[in-house]
Amino acid sequence: ATPTAIMVGTGLGAKRGILFKNATALEASARINVVVMDKTGTLTKGEPEVTDLIATGIDRGHLLALVAAVERESEHPLAGAVVNYADSQGAAVLKADEFNNVPGHGAGAVVDGRRVFVGNRKLMTAQGVDIAAVAEQREQLASTGRTAVLVAVDGQVAGVIALADAVRDTAAAAITALHEAGIEVAMMTGDNEATARRIAALLHIDTVIAEVLPQDKAAKVSELQAAGKRVAMVGDGVNDAPALAQADLGIAIGAGTDVAIETADVVLMRSDPLDVPVALRIGKGTLRKMR
Ligand code: ADP
Ligand code: MG
């Protein structure tokens, strides 16, 4: 590798806010044939907002107060959105006891003497909660690309909360550019299958890997590598860090968490998905000059 080619590549990147941490990162960029994108905060803005609240067998205001009490204790981005919504609706502020966070699933607590759980289907299954009463509404909301979160109160399903997170303006163009460069694109998310499929369809993403637990994201990257792929992983979250490390090239969104930025080989300071194909193109240009 000629130092001049590396310097040129690094400089080209820096001009666009694409920081290659070392020469190896530039070289790896040239060889990628699959890009795996995290959904929340990478393809989407990571600013979820509540759009729907469905209550069943319970007063809406009461449901919202119970859920908000649990979510006030959680650091999950969805939790913040639920709390904001509850506050905007003037929901009562209740105290949560025995809070517990279940990574990749949701959270639970005792509020007003009632056992409240908020999270995905896996959480409800683990708690033995039958979600049949809201299954249809949940599926309908998810099919629009919204994240549908379930609520259980004292072992009974009590509601569904839908949250929308806008897709970044340049996400579709980024995927088109990757395809034009002959690169396959996959989306990986902890969110439910129907939500993920809808967003993937909008963006013409080839493969969807949904309902992945945080601790399983790196293994999904290894599986692709074992199948002979050279993988770039693009992510923003604490959850994504092991997968960023496992990938042949880890790319962090600049607006992401410190751990993602520290783990990645490349950082996109502008948090623009279009900088993913640009980074890979710079890598290819650098490699050509090195030959
Ligand atoms: P993501 O990759 O979507 O950021 P996570 O692994 O953090 O996923 O969470 C997976 C799913 O678990 C979320 O899409 C949501 O349905 C559920 N979940 C996790 N934490 C919470 C919470 N505090 N409140 C509601 N739902 C949650
Ligand atoms: Mg994310």
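The values are calculated or read from the model by the stated rules, or taken from the named source; none is laboratory data. Values in this document were obtained by computation on a predicted structure and should not be read as measured data. Quick reminder, even Gly has a Cβ in these numbers, built from the backbone with ideal geometry, and neighbours come from all protein chains shown. All accessible areas refer to the heavy atoms of the entire protein, side chains included, with ligands and DNA or RNA removed. Shrake-Rupley method; radii C 1.70, N 1.55, O 1.52, S 1.80 Å.
Here is how the numbers come out for the structure above:
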read-out: Subset of the stretch 24-62 (residues that are polar (S, T, N, Q) and either within 16 Å of ligand 2 (Cβ to nearest atom) or under 21 Å from the mean Cα position of the chain (by Cα) (or both)); value: Thr40, Thr42, Thr44, Thr51
read-out: From Ile282, Ile251, residue being touching a helix residue (DSSP H, G or I) at 6+ places or on another chain (Cβ under 8 Å), open to solvent by less than 70 Å² (accessible area, probe 1.4 Å) and in a helix (DSSP H, G or I); value: Ile282
read-out: Only one of Val221, Val208, Val238, Val185 that is away from ligand 1 (no atom under 15 Å from the Cβ) and closer than 28 Å to Leu26 by Cα; value: Val185
read-out: Enumeration of residues in the stretch 120-130 that are among the hydrophobic types (A, V, I, L, M, F, W, C) and surrounded by 15 or more Cβ atoms within 10 Å (Cβ to Cβ); value: Leu123, Met124, Val129
read-out: Close pairs from the stretch 30-55: first within 13 Å of Gly256 (Cβ to Cβ), partner of a type outside the set (A, V, I, L, M) and more than 10 Å from ligand 1 (Cβ to nearest atom), Cβ under 6 Å, at least 6 apart; value: Lys45/Arg168
read-out: Segments classed as helices (runs of 4 or more DSSP H), wholly inside the stretch 112-188, with at least 1 members that are in contact with a Pro (Cβ under 6 Å, 6 or more places away or on another chain) and under 30 Å from Leu274 (Cβ atoms); value: 171-180
read-out: Filter result (of a type in the set (D, E, K, R) and over 21 Å from the mean Cα position of the chain (by Cα)) within the stretch 215-229; value: Lys229
read-out: Residue that is modelled with the lowest pLDDT, among those in the stretch 202-215 that are in contact with a Gly (Cβ under 9 Å, 6 or more places away or on another chain) and surrounded by fewer than 16 Cβ atoms within 10 Å (Cβ to Cβ); value: Gln215
read-out: The stretch 136-179, subset open to solvent by 40 Å² or more (accessible area, probe 1.4 Å) and without any contact (Cβ under 8 Å) to a residue 24 or more places away in the chain, residue farthest from the chain's Cα centre (by Cα); value: Glu136
read-out: Search result, residues across the stretch 99-119 that are within 10 Å of ligand 1 (Cβ to nearest atom), open to solvent by less than 40 Å² (accessible area, probe 1.4 Å) and either among the polar types (S, T, N, Q) or closer than 14 Å to Gly159 by Cβ (or both); value: Gly106, Phe117, Val118, Gly119
read-out: Close pairs (8 angstrom Cβ cut-off, 6 or more residues apart or separate chains): within 16 Å of Asp236 (Cβ to Cβ) and within 16 Å of ligand 2 (Cβ to nearest atom) in the stretch 73-85, of a type in the set (A, V, I, L, M) and not in a helix (DSSP H, G or I) anywhere; value: His76/Ala107; Leu78/Val149; Leu78/Leu163
